[in-house]
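Everything below concerns the one structure shown next.
The values are calculated or read from the model by the stated rules, or taken from the named source; none is laboratory data. Since the structure is predicted, the reported quantities are computational estimates derived from the model, not experimental observations. Note that we place each Cβ from the backbone using ideal geometry, even for glycine, and neighbour counts take in every protein chain shown.
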Amino acid sequence: MEVFVPSVSRGVPRPVLRRSLAVLAGSALAAPLVLTAPATAAADPYTVTALKVTVRAGERKCTLDTDVYRPAGADAAHPAPAVLTTNGFGGNKADGPTDALAKAFAARGYVALAYSGLGFGKTGCPVSLDDPGIDGRAASGLVDLLAGTRTADNGTRIDYVTKDGTGDPRVGMIGGSYGGAVQLATASTDHRLDALVPLITWNDLSYSLDPNNAGRTRGVTGPLPGAYKWQWTNGFFLIGEAQGLLHPNLDPSRTGGAGCLHFVAQACDTKRLLDSGKYPADRTDAVLRYARSVSPVSYLASVKAPTLLVQGEDDSLFNLNEATATYRTLAAQGTPAKMIWQAWGHSGGMKKPAKGELDLAQGNLETSYVGRRILAWFDRYLHHRTTAGTGPAFAYYRDWVSDGSAYATSRVFPAGGSRRLYLSGDGTLVGRRGEVARGSREYRNLRTATSHSESSLAGLLGLPDAAPYDARGTYLDWTSKPVAGGPVDVVGAPRVTLKVSSPRAEQAQNSSDAADKLVLFAKLYDVAPDGRKTLVHRLVAPARVPDVTRRFTVELPGIVHRYEPGHRLRFVIAASDDAYAGNRGVKPVTVSSTPGDTGVLELPVTQGVLR
């Protein structure tokens, strides 16, 4: 079942908009990050104090709604390191992992400070997309509170946090999604942070909301906009706009601009451009610059705090490529960084975390692999226990392992090597160029979407979703021989380099509107011996082709997947996908192959051989 989330505009009648928002807000739309907190004992080993803290955030003053968790025995003579945490998009200090994480760390002797992010809960100011100059600066004001150099609005001063110097509290941050990027934003403006654990967050919002997997030049993307991820974007935009309609007595400082109710004007402009389906050069460059300016890709050079990145393999909103780009940048500049690919992400919806996985509803930090890594990270960088092992550079979850050792580890990233397969003219994937058959095949897009990967919000809403499909004549596929001699494990982001022919796209691509360029969608299936096929984690790679007269490379979303013996790998390029905006106009595409000139699929393989 496809979930349709209508776009919001000033022309939507308020009662209709209110009903739509009520349905979304009452759903489990932020389910991966809104989980039941672990139960605590009758005599909690900490006390909780609610505080209002007014801070400077950009050009505004914003009042933050916070809870301070003080562990038993912590005082000026016996200080403890602190952990700062905030909500995912649409949440607040009291729900999901925000409250659960604060309780978990306070119970383990840390001073925990949970707060509602700007524009959410009872915190003031509009939603500003984790802008380092706004959201990051606001969080820095809370670091001042933990340092004892600032008081809460009622005069309360905190004097029981460990300090590394005057005004320098020992403090780490943890949180997921929207509560993940704000850590990097804060660390870029405040070098007093000592450790970060961002979970399932973004590297570049221009890629997250409008991905282009072709022609990558920096981080995860290149100079061209991609294919609008309209389902995810509309869903989260509605959550932001819902804040005032569902809670009419909110702080008036949360009013947004440029036609938005509760977003800053530049965020509203970005949404309006995406909705338009047009990418005129005079507007698109400015909007892309804004989306990137509030993204780690633009400010990671200033992040010095040791960072443990945790990203979800089951995530079509912020895929593994985003964490990979962040990890590579941090590691290259000498910032201590390690990366874990866990099972669950935004696309997991209402699914219970797999056995052995971090489950905030259970508070199982000690009994989950990811939880133990987080505890060790803070043990090393907040308690300064130099003997604490922080684990390998890279770890990844294997969903085909049923016992307690589901994670594999590597001293380096990427793990394993690369295996090339060639796109043959007869629709097969072959292991050597000499095996490529000469041939040409064509597909064409229709004016409506003809391929389905996912209904992006279905899992979050607890609704069923149709199996992935591609309509005949609107895609091309290439299939390998059955796996033989042992399984093949693909760990990382596959890449395909190819050239296509599309006279109509060639005629249109010189337009000043980038939306006229050809769009295609690349993806990998697993085909079982009985013919059943699985789109791996329902992930696709939208690509806006820079120039159809030249070869181009598409980097697919990272995966961790085992192709069992007898299974075949199928590579597909499709004309459309109903979770994304696509081509403007019908653009037939031909792909030709000869032994000396054909497409090449590169697979990151840790074990096994594909023929």
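Details
- Within the option set 463, 423, being under 30 Å from residue 311 (Cβ atoms), surrounded by 22 or more Cβ atoms within 10 Å (Cβ to Cβ) and not small (Gly, Ala, Ser) holds for one residue only, 423.
- Considered as a group, the residues in the range 403-422 that are part of a loop (DSSP other than H, G, I, E, B), in contact (Cβ under 8 Å) with a residue 24 or more places away in the chain and of a type outside the set (Phe, Trp, Tyr) include one that is farthest from residue 561 (Cα to Cα), and that residue is 404.
- Cβ-Cβ contacts under 6 Å between residues 6 or more apart (or on different chains), taken from a first residue in the range 376-396 that is farther than 17 Å from residue 560 by Cβ to a second residue that is aliphatic (A, V, I, L, M) and assigned to a helix (DSSP H, G or I), are listed as 388/376; 390/376.
- From the list 453, 440, the lone residue that is exposed (fewer than 14 other Cβ atoms within 10 Å of the Cβ) and under 19 Å from residue 601 (Cβ atoms) is 440.
- Among the residues of the range 90-117, those identified as touching a Pro at 6+ places or on another chain (Cβ under 7 Å), among the hydrophobic types (A, V, I, L, M, F, W, C) and not in a helix (DSSP H, G or I) are 107, 111.
- In the set 429, 358, 375, 382, only one residue is at pLDDT below 95 and aliphatic (A, V, I, L, M); that residue is 358.
- Residue match in the range 584-605 (condition: under 25 Å from residue 464 (Cα atoms) and surrounded by 21 or more Cβ atoms within 10 Å (Cβ to Cβ)): no
- Matching residues, the range 284-299, being modelled with pLDDT of 95 or more and touching a Leu at 6+ places or on another chain (Cβ under 6 Å): 294, 295, 296
- Residue match in the range 352-369 (condition: in contact (Cβ under 8 Å) with a residue 12 or more places away in the chain, over 20 Å from residue 211 (Cβ atoms) and in a helix (DSSP H, G or I)): yes
- Residues located in the range 562-610, provided they are acidic (Asp, Glu) and either more than 20 Å from residue 313 (Cα to Cα) or modelled with pLDDT under 95 (or both): 577, 578, 597
- Of the residues making up the range 490-529, those that are among the charged types (D, E, K, R) and more than 17 Å from residue 214 (Cβ to Cβ) are 504, 513, 526.
- In the range 517-560, the residue that is surrounded by the fewest Cβ atoms within 10 Å (Cβ to Cβ) out of those that are touching a Gly at 6+ places or on another chain (Cβ under 6 Å), touching a residue at least 60 places away in the same chain (Cβ under 8 Å) and assigned to a loop (DSSP other than H, G, I, E, B) is 546.
- The range 437-458 residues that are under 23 Å from residue 423 (Cα atoms) and without any contact (Cβ under 8 Å) to a residue 24 or more places away in the chain, paired with ones that are surrounded by 14 or more Cβ atoms within 10 Å (Cβ to Cβ) and not small (Gly, Ala, Ser) (beta carbon under 9 Å, 6 or more apart): none
- Evaluation of residue 506 against (1) buried (at least 21 other Cβ atoms within 10 Å of the Cβ); (2) charged (D, E, K, R); (3) farther than 23 Å from residue 348 by Cβ (one fails), failing number: (1)
- Summed over the range 270-313, the residues that are within 17 Å of the chain's Cα centre (by Cα), surrounded by 24 or more Cβ atoms within 10 Å (Cβ to Cβ) and of a type outside the set (A, V, I, L, M, F, W, C) give a count of 6.
- Yes/no for residue 493 being touching a Leu at 6+ places or on another chain (Cβ under 7 Å) and modelled with pLDDT under 95: no
- Each residue in the range 459-487 was checked for being in contact with a Gly (Cβ under 9 Å, 6 or more places away or on another chain) and acidic (Asp, Glu), and 2 of them qualify.
- Residue list for the range 499-516, restricted to those being assigned to a helix (DSSP H, G or I) and closer than 15 Å to residue 278 by Cβ: 508, 514, 515, 516
- Every residue from the range 49-60 that is modelled with pLDDT of 95 or more and either basic (Lys, Arg) or under 23 Å from residue 374 (Cα atoms) (or both): 52, 56
- In the range 91-141, of all residues being among the charged types (D, E, K, R) and in contact with a Lys or Arg (Cβ under 8 Å, 6 or more places away or on another chain), the one that is nearest to residue 45 (Cα to Cα) corresponds to 99.
- Residue within the range 121-133 that is part of a helix (DSSP H, G or I), touching a Phe, Trp or Tyr at 6+ places or on another chain (Cβ under 8 Å), crowded, with 24+ Cβ neighbours inside 10 Å and not hydrophobic (A, V, I, L, M, F, W, C) present: yes
- So residue 257, is it under 30 Å from residue 540 (Cα atoms), touching a Pro at 6+ places or on another chain (Cβ under 9 Å), touching a residue at least 60 places away in the same chain (Cβ under 8 Å) and of a type outside the set (Lys, Arg): no
- Any hit, the range 562-577, residues being more than 16 Å from residue 475 (Cα to Cα) and under 22 Å from the mean Cα position of the chain (by Cα): no
Okay, residues lined up against (1) without any contact (Cβ under 8 Å) to a residue 12 or more places away in the chain; (2) under 30 Å from residue 332 (Cβ atoms):
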| position | (1), (2) |
| --- | --- |
| 249 | yes, no |
| 263 | no, no |
| 268 | no, no |
| 284 | no, yes |
| 297 | no, yes |
| 314 | no, yes |
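- Taken as a whole, the structure places residue 76 among residues that are surrounded by fewer than 24 Cβ atoms within 10 Å (Cβ to Cβ) and at pLDDT 95 or above.
- Matching strands (runs of 3 or more DSSP E) fully within the range 134-216 where at least 1 residues are farther than 26 Å from residue 287 by Cβ, under 18 Å from the mean Cα position of the chain (by Cα) and not charged (D, E, K, R): 171-176, 193-199
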